[in-house]
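Student: Pasting a structure below so you can have a look.
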């Protein structure tokens, strides 16, 4: 079969890589002059900047870490100095507890909030027939209102750049939903640990990759480059596709007949390509990506003692600071800044603060420096300041997202089109790697 993959971001590249490995003749069409979509890495003033995602977790046997090994991409694990995280709440930077003793001493929750959190194993689970719910509703129900506001809501913002009230539990955080189905978070984790221990006792070999936070050396752009090299002339750059049209023998891609299509561009853009398939166009119209901006600030290390250790800080909703989160990039990945300098990655916009993207670059940099001063106490002149912005930023997964995905996938399948990318089954790099296997199964099912 000849399959056209429309979109050369990570989702399209991993899908094409998996299709070719399965013996299917796949070719990628990317409108931009470079592959990778929003994912990419660049260097400015000696500082290494990720354009979107910056890392992935180890563990999944078919995840990004395994793909890097397969492609010969050198990887590095996040520095052990990046273990500490903070939350900026009620005008104060507060450490996120890492163990029960730190929780007892923490000012992140009141004693009432701490007791509510500890009651989680005693709470009844929600029945499967009650449907989806928001992450905030789930957290308040299982962990208490204080923990939902102070811990879970900032964490959700860190992943989706959105309010926790607006993000689906089952689609956005399926592992948490699975734990509740096993009796709750603590009980579910205990059962998982017990199963893992039993497997080791009976000698069952694990297929998982090493745990922890990982990234390709030099940035995620290295993975994009490796995928593009592996696919070679199958990747056609600067070749925008204007239209997909149904055909009894397959799909016409700008009037050229193909056996099928993998549609791997943002759903908001995909709808314009399938105007001749109105049932699919209407299904794609419900998906959205929130605009996002990354502001990179470099400082002399002596001026930024707060950023000498730790992963970074998340900012709770309702604070005067507009930044959603600040990642200590040069702590997590020590080679990302010149010697004697630190690099901060400040995240703005998303669904929580869409108006932030109305600021020009100078305005965003000014806002970032004010917020860094307020949250981390870092002042003085920057050694570097730059902005990377995306109109199609972070994919949003509202309550009921999985139902919308099922409807869109069904409409596309009817016309020998497979939907791929961050809009559907997970926004992370590991999710997109896993998505490639789903794409292969869909294409194989066509016969």
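Student: Extent of segment 47-184 along each principal axis, from alpha carbon coordinates, in Å, largest to smallest?
Tutor: Computed over segment 47-184, the largest-to-smallest principal extents equal 50, 40, 27 Å.
Student: I'd like the orientation of helix 185-201 relative to the chain: the angle between its Cα long axis and the longest Cα principal axis, in ° from 0 to 90, rounded to 10.
Tutor: Roughly 70 degrees, rounded to the nearest 10.
Student: Still on this model: What percentage of all Cα-Cα pairs in segment 112-201 are separated by more than 15 Å?
Tutor: That tail contains 60 percent of the Cα-Cα pairs.
Student: Sort 321-333, 29-41 for me by packing, meaning the mean count of neighbouring Cβ atoms within 10 Å per residue, highest on top.
Tutor: Working: 321-333: 24.2, 29-41: 19.9.
In decreasing order of mean packing, 321-333, 29-41 become 321-333, 29-41.
Student: Something else: What span do the alpha-carbon atoms of the chain cover on each of the three principal axes, reported in whole Å from largest to smallest?
Tutor: Largest to smallest, the principal-axis extents are 66, 53, 46 Å.
Student: Related question: Looking at the square roots a ≥ b ≥ c of the eigenvalues of the Cα gyration tensor of segment 289-395, which shape do they give, rounded for a/c under 1.5, prolate if a/b is larger than b/c, or oblate? List each step's numbers first, then the result.
Tutor: Details: a/c = 1.72, a/b = 1.62, b/c = 1.06.
Cα axes put segment 289-395 in the prolate bin.
Student: Moving on. Figure the gain on full extension for residue 335 and residue 413 (residue separation times 0.36 nm, minus the Cα-Cα span) and round it to one decimal in nm. Please report the intermediate quantities before stating the final value.
Tutor: Details: separation 78, 0.36 × 78 = 28.08 nm, distance 4.48 nm.
Separation in residues times 0.36 nm, less the Cα-Cα distance, equals 23.6 nm.
Student: Something else: Hey, could you pull the Cα Rg and Dmax for segment 337-447, both in Å?
Tutor: 20.2, 63
Student: Now, a different point. Which distance in Å, rounded to a whole number, links the C-alpha centroids of segment 377-421 and segment 163-188?
Tutor: 20
Student: Which whole-angstrom value gives the distance between the alpha carbon centres of segment 76-149 and segment 35-63?
Tutor: With segment 76-149 and segment 35-63 each reduced to a Cα centre, they are spaced 28 Å.
Student: Counting only helical runs of four or more DSSP H residues, what would the 222 nm mean residue ellipticity of the chain come to if each run contributes -39,500 (n - 2.57) and the total is spread over all its residues? Provide the component values of the computation, followed by the final result.
Tutor: Working: 16 runs with 155 residues, N = 447.
The helix-only estimate for the chain comes to -10000 deg cm²/dmol at 222 nm.
Student: For segment 275-336 and segment 231-267, write down the distance between their C-alpha centroids in whole Å.
Tutor: For segment 275-336 versus segment 231-267, the Cα centre distance is 32 Å.
Student: Rule-of-thumb check for segment 1-58: C-alpha Rg over 2.2 N^0.38 Å? Numbers along the way, then the final one.
Tutor: Working: Rg = 14.1 Å, N = 58, 2.2 N^0.38 = 10.3 Å.
Output field value: 1.37.
Student: Using the per-residue mean of other Cβ atoms lying within 10 Å as a proxy for protection, in what order, highest first, do the peptides 399-412, 427-440 fall? Please list the in-between numbers first.
Tutor: On the way: 399-412: 18.3, 427-440: 21.8.
Answer by packing, highest mean first, reads 427-440, 399-412.
Student: Can you give the angle from 0 to 90° between the axis of helix 429-445 and the longest principal axis of the chain, with both taken from C-alpha atoms, to the nearest 10?
Tutor: Approximately 20 degrees, to the nearest 10.
Student: A further question follows. Share of antiparallel DSSP beta bridges in the chain, in percent to the nearest 5?
Tutor: Values: 46 of 65 bridges.
Within the chain, antiparallel bridges account for around 70 percent of the total.
Student: State, to one decimal in nm, how far the label point of residue 355 lies from the label point of residue 124, with both points 7 Å from Cα in the Cβ direction.
Tutor: Placing both labels 7 Å beyond Cα along the Cβ direction yields 4.3 nm.
Student: Please report the relative contact order for the chain, taking Cα pairs under 8 Å with a sequence separation of at least 6, and give it as a percent rounded to a whole number.
Tutor: Values: 919 pairs, mean separation 115.5, N = 447.
After rounding, I find 26 percent.
Student: Return the percentage of antiparallel bridges among DSSP beta bridges fully within segment 1-79, rounded to the nearest 5 %.
Tutor: Details: 4 of 10 bridges.
Within segment 1-79, antiparallel bridges account for around 40 percent of the total.
Student: Mind checking the angle between helix 10-21 and the chain's longest principal axis? C-alpha axes, 0 to 90 degrees, to the nearest 10.
Tutor: Helix 10-21 sits at roughly 50 degrees to that axis.
Student: Follow-up question, since we're still on this one. Arranged by the count of other C-beta atoms within 10 angstrom, fewest first, what order do 209, 157 take? All intermediate terms of the calculation are to be shown ahead of the outcome.
Tutor: Details: 209 21, 157 24.
Least crowded to most crowded, the residues run 209, 157.
The numbers here are math on the coordinates, done by the rules we state, and not lab data. A quick note: this is a predicted structure, and the numbers were derived from the prediction, not measured. Positions of Cβ are generated from backbone atoms using ideal geometry, with glycine treated the same way; all protein chains shown enter the neighbour counts.
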